[in-house]
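Q: First the structure, which I've put down as structure tokens, then a few questions once you've had a look.
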Amino acid sequence: MPEMSYAQALNDALGQALANDPKVLVMGEDIGHHGGVFAVTKGLLERFGPKRVIDTPISESGFLGAAIGAATVGYRPVVELMWVDFAMVAMDPIVNQAAKTSYMSDGRVKVPLVIRTQQGAGRGNGAQHSQSLETMFAQVPGLKVAAPFEPADAKGMLMAAVEDDGPVIFLEHKLLYTRKGDVPGGRHVVPLGKAKVSRLGQDVTLVGLSRMVELAETAAKELSRQGVEAEVIDLRCLVPLDIETIRVSLQKTGRVVLVQEAHRSFGWAAEVSARLMEDSFDDLKAPVRRITSEDVPFPYNQRLEASVMPSVPKVVAAALSLCQDY
Amino acid sequence: MGEQDWRVGALSEMYRIRAFEEQSADFYRQGLLGGSLHLGIGQEAVAVGAVGALRSADQVTMTYRGRGQALAKGVSAAAMFAEMLGRSTGTSHGKGGPMHIYSPEAGAMGTNAIVAAGIPIAAGLALAAQLDESDRVVMTFFGDGAVNQGAFHEAMNLAAIWKLPLVLICENNLYSEMTPIREMVVQDDLADRAKAYAIPAAVVDGNDVVVVRQAAEEAVQRARSGQGPTFLECKTYRLVGHMLGDPEVYRTRDEVERWAANGPLVRLEASLVRDGRLTAKACEEMQAAAREEIQAAAAQALAEPEPDVAQALTHVF
Ligand SMILES: Cc1ncc(C[n+]2csc(CCOP(=O)(O)OP(=O)(O)O)c2C)c(N)n1
Ligand SMILES: [Mg+2]
């Protein structure tokens, strides 16, 4: 299996999708000639031409709406929003239009649209370029929400998203683009809605999404040095949510720490926590713990920024306290 | 004040901005800044000419490239550097960063990281000025790329129907990030868009500070006297990449050099020297003085402490 970066894996998926299906389009700002500011669409314009790989003006609301229109008559646009923060100027097409068209038409009009974007803090980009907004989308029925961590999943889940007949919000992480991993060549599809156990352990379950899986895995190694074996779950998707994989792990460990980069309140960790309380109460030896960003916009100063974000020591401390106190 | 005095002052202010931007680039290269850095090198005549037409009570909104405009509006260089370095004496105690400079005392109502977002906000500032029955004027700076955003069009219409005291300054530097504006707009002149809203507009040589200043004076006068908004398209060019680290593959060296030869500083220097107002040596001395002032501000900012981490939790609401 070739080794690729996360960005290359995404590029490979887009290349495959464009090659396999003439209805696939790639659209966005600086994605054609420039190949994308994170180089994810590099070389696609040269290979597939300007009818398939379309540079847009800075008009997120306009080109997302246009992508929806094209999608309703059989195209499969994969639209890049350069930063998730810019989705906020295009919430109507996403929330009121794409998410509801299938339902409002009783399934007669479909919107096979992928919105690729990147999110996350940790680079000192300031309050308008550091957010993790997955829950905003996950709260809207009709949108699938994927957030891969491993390069192989980045490719496989993007291919699944393109083949999906409904709108998928595909959240990449700005600090993962250079992450390397083995990525299967050719058509590689990882179904949406399946979490992955990335490390086995019996004492505590650490659940992360996107870059937070990296923190969970690092924390697990540290915990192991201290005699605690953590199981690590990469959630991979919020919608559909694979609560079953977490429940099965919990039956073994009885303890769970949820690691969420988004702000603390009303995040996916709260939802997972509620579901475990409702459906796995008897398996819980200890309260569910959340390690999240504080409920503040991300500060620019990088020491302040780090202080309000999840960190490996915070995850380790939470896991240890669960194991020691319960 | 005679024209000669004003132009000399403008040159000095443009030197300050250039020095500020070069110092910012130094900080970035030394790894002292977070995120990305977008410089306005080559666009100083727009900042100085347009802001020069304002009074201190007037207000501006800017973009991530707008620290030169903030400087011209009277924001302290040391406080802006401190902000960029994430220090406790920064304009927002290090919590905002280079893309979020707020200095309400100076009328600087925010640089902004969302393209076109400052335009409707400026319309609101202008609405407040009107409701206050004050003669404050508001000026909003944005790039060529912003004219394709809904926010721009909605704000233009609001400004027109409410006759707001607003001056819209479009800095057309030919590119939005890596994309040439001619591929994203069918007209040659973005000022044509103002016609649709019956807003008076002009196309201005944005590298000529005298022309920018004259057009801005007229626009400000119109706004201050209750005659509503004006749109000025200032044709200019950024002589550096979209941000530091931009490989600039979308344009030729030749193009950059042609614009550099026609840059705002060299043009003003040449005309002042030609008119016998300044000698080349006097220009050099002024530039050295501006550098010295800016370097002192930088040194001061560097000596400041970082904020306490507890500050991360304050002023959320
Ligand atoms: C809503 C939104 N979309 C996209 C971006 C990403 N972006 C940042 S600057 C920029 C180019 C803007 O170009 P222009 O308006 O011409 O201003 P310039 O950078 O040339 O000063 C883009 C696309 C953004 N910040 N906000
Ligand atoms: Mg521009």
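Q: Among rounded, prolate and oblate, which fits segment B:38-84 when a ≥ b ≥ c are the square roots of the eigenvalues of its C-alpha gyration tensor, a/c under 1.5 means rounded, and a/b larger than b/c means prolate? Present the calculation step by step, with values, prior to reporting the outcome.
A: On the way: a/c = 1.90, a/b = 1.18, b/c = 1.61.
Taking the square roots of the gyration eigenvalues as a ≥ b ≥ c, segment B:38-84 is oblate.
Q: Quick one: pull the percentage of alpha-carbon pairs in chain B with a separation above 36 Å.
A: Numbers: 7248 of 50086 pairs.
The answer is 14 percent, as a whole percent.
Q: Same structure again: Just to confirm, what accessible area per residue do you get for segment A:196-325 at 1.4 Å probe, in whole Å²? Working shown, then result.
A: Working: 5100 Å² over 130 residues.
I get 39 Å² per residue for this part.
Q: Compute a Gaussian network model of chain B, connecting alpha carbons closer than 10 Å, and tell me which residue from B:35, B:68, B:206 fluctuates the most.
A: B:35
Q: Still on this structure, I have one more. Taking a probe of 1.4 Å and counting only protein heavy atoms, give the total accessible area buried between chains A and B in Å², rounded to the nearest 100. All intermediate terms of the calculation are to be shown ahead of the outcome.
A: Working: alone 13420 and 13850 Å², together 24680 Å².
Counting both chains, the buried surface is close to 2600 Å².
Q: Can you list residues from other chains, or at least 5 along the same chain, whose modelled amide H is less than 5 Å from the amide H of residue B:201?
A: B:231
Q: Can I ask one more? Averaged across B:300-307, how many Cβ atoms of other chains sit within 10 Å of each residue's Cβ atom?
A: Per residue, the number of nearby Cβ atoms from other chains is 1 on average.
Q: A follow-up question, please. Of the options A:185, A:32, A:318, report the single residue whose Cα projects farthest towards the positive end of the charge dipole of the protein assembly as shown (beta-carbon charges: Lys, Arg +1; Asp, Glu -1).
A: With unit charges placed on the Cβ atoms, the residue in question is A:185.
Q: Helix-only mean residue ellipticity at 222 nm, chain B, DSSP H runs n ≥ 4 weighted -39,500 (n - 2.57), per residue, nearest 500. What is it? Present the calculation step by step, with values, prior to reporting the outcome.
A: Working: 11 runs with 139 residues, N = 317.
When only DSSP H runs of four or more count, the value is -14000 deg cm²/dmol.
Q: Please state the shape class of the protein assembly as shown: rounded when a/c is under 1.5, otherwise prolate if a/b exceeds b/c and oblate if not, all from the C-alpha gyration tensor.
A: Values: a/c = 2.08, a/b = 1.65, b/c = 1.26.
Note, shape of the protein assembly as shown comes out prolate.
Q: If one computes the Cα centroid of segment A:72-106 and of segment A:1-67, what distance in Å separates the two points?
A: Segment A:72-106 and segment A:1-67 have Cα centres spaced 17 Å from each other.
Q: With only Lys, Arg, Asp and Glu charged, each at its Cβ (+1 for the first two, -1 for the last two), find how big the charge dipole of chain B is about the Cα centre; round to the nearest 20 debye. The partial results should precede the final answer.
A: Working: 28 positive and 40 negative charges, 47 e Å.
It comes to approximately 220 debye.
Q: Could you go through segment B:170-187 in sequence order and give the Karplus-derived ³J(HN,Hα) for each residue, using 6.51 cos²θ - 1.76 cosθ + 1.60 with θ = phi - 60°, rounded to whole Hz, and x for Gly and Pro?
A: Result, rounded to whole Hz: 9, 8, 8, 9, 6, 9, 10, 6, 9, 9, x, 4, 5, 8, 10, 9, 7, 6.
Q: In straight Cα distance, which aspartates and glutamates are under 14 Å from residue B:235, not counting same-chain residues fewer than 8 positions off?
A: The qualifying aspartates and glutamates are B:44, B:144, B:171, B:188, B:189, B:192, B:205, B:208.
Q: Right, here's the next one. Below 20 Å, Cα to Cα, which lysines can residue B:281 reach? Residues fewer than 8 away in the same chain don't count.
A: none
Q: May I ask for the equivalent-ellipsoid semi-axes of chain A, computed as the square root of five times each C-alpha gyration tensor eigenvalue and listed largest first in whole Å? Walk me through the intermediate numbers first.
A: On the way: eigenvalues 228, 81, 73 Å².
They are 34, 20, 19 Å, listed largest first.
Q: Mind checking the dipole of chain A: about its Cα centre, +1 per Lys or Arg Cβ, -1 per Asp or Glu Cβ, Debye to the nearest 20?
A: Working: 34 positive and 39 negative charges, 66 e Å.
Here the size comes out at about 320 debye.
Q: When only the heavy atoms of the protein chains count and the probe is 1.4 Å, how do A:91, A:277 rank by accessible area, highest first? Can you show the working numbers first?
A: Working: A:91 50, A:277 105 Å².
Sorted descending by solvent-accessible area, the residues read A:277, A:91.
Q: Given B:114, A:19, B:149, which one lies farthest toward the positive end of the charge dipole of the protein assembly as shown, if we put +1 on the Cβ of every Lys and Arg and -1 on the Cβ of every Asp and Glu?
A: Highest projection toward the positive end goes to A:19.
Q: With charges only on Cβ, +1 for K and R and -1 for D and E, what is the dipole size of segment A:247-326 about its Cα centre, in debye, rounded to 20?
A: Working: 10 positive and 10 negative charges, 50 e Å.
I would put it at about 240 debye.
Q: With θ set to phi - 60°, apply the Karplus curve 6.51 cos²θ - 1.76 cosθ + 1.60 along segment B:135-146 and write out the HN-Hα couplings as whole Hz, x wherever there is a Gly or Pro.
A: These are the phi-based 3J(HN,Hα) values: 9, 4, 10, 10, 10, 10, 9, 7, x, 4, x, 6 Hz.
Q: Oh, and also: Counting other Cβ atoms within 10 Å, which trypsin sites (Lys or Arg not before Pro) in segment A:1-60 have at most 10 and lie in a DSSP loop?
A: Values: sites: A:23, A:42, A:47, A:51, A:52; in loops: A:23, A:42, A:51, A:52.
Filter output for segment A:1-60: A:51.
Q: Also, I was wondering about something else. Can you pull out the GluC sites (Glu not before Pro) in segment B:60-167 that DSSP calls coil and that have at most 14 other Cβ atoms within 10 Å?
A: Working: sites: B:83, B:105, B:133, B:154; in loops: B:133.
Passing sites in segment B:60-167 are B:133.
Q: If you don't mind, another one. Between residue B:131 and residue A:33, how many nm apart are label points set 7 Å from Cα along the C-beta direction?
A: 4.3
Q: Using 30 Å as the Cα-Cα cut-off, could you pick out the over-long pairs in A:51/A:196; A:285/B:95; A:314/B:95?
A: Values: A:51/A:196 37 Å; A:285/B:95 40 Å; A:314/B:95 23 Å.
Long pairs (Cα-Cα over 30 Å): A:51/A:196; A:285/B:95.
Q: Rounded, prolate or oblate: pick one for segment A:3-182, where a ≥ b ≥ c are the square roots of the eigenvalues of its C-alpha gyration tensor, a/c under 1.5 means rounded, and failing that, prolate if a/b is larger than b/c, else oblate. All intermediate terms of the calculation are to be shown ahead of the outcome.
A: On the way: a/c = 1.45, a/b = 1.16, b/c = 1.25.
Here segment A:3-182 falls in the rounded category.
The values are calculated or read from the model by the stated rules, or taken from the named source; none is laboratory data. All values reported here derive from a predicted model rather than from experimental measurement. Every residue, glycine as well, gets a Cβ built from its backbone with ideal geometry; the counts of neighbours run over all protein chains shown. All accessible areas refer to the heavy atoms of the entire protein, side chains included, with ligands and DNA or RNA removed. Shrake-Rupley method; radii C 1.70, N 1.55, O 1.52, S 1.80 Å.
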